[in-house]
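Comments concern the structure below.
Where a number appears in this text, it was derived from the coordinates with a stated rule and is not lab data. Keep in mind it's a predicted model, so treat the numbers as computed, not measured.
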Amino acid sequence: QVQLVESGGGWVQPGGSLRLSCAASGFAFERYGMNWFRQAPGKQRELVAFILSGGYSHIEESVKGRFTISRDNAKNTVDLEMNRLTPEDTAAYYCNVKILSDNYWGQGTQVTVSS
């Protein structure tokens, strides 16, 4: 079965950095685009970045220039490097893959940015 397990969240001061990782299993990882979403309290879940199977990536405007997405098809992982974090980046971050018509989510990892 498809499993996505996020790690790397935590507390960081404004201006700091974190690297999130998502370990995937149960499907042919190298064939699918992977996504990172986030959801702040009281807000809708929003796309942060995606990376296609061939390596093309897209970063949402709200985090462009600060966040980078990458994947390692040998390790079945997709990472989100987050720099110059602000309190507005505080959210639960989720890894996602869509296979046919089904969306799969990890359990999420909390990122808290505060002084």
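Some values worked out for this structure:
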quantity	calculated
Average silhouette area of the stretch 4-115, convex hull of alpha-carbon atoms, in square nanometres	6.7
Computed lengthening from residue 57 to residue 98, 0.36 nm per intervening residue step minus Cα-Cα distance	13.2 nm
Length gained when the stretch residue 72-residue 107 is fully extended (0.36 nm per residue, less Cα-Cα span)	10.6 nm
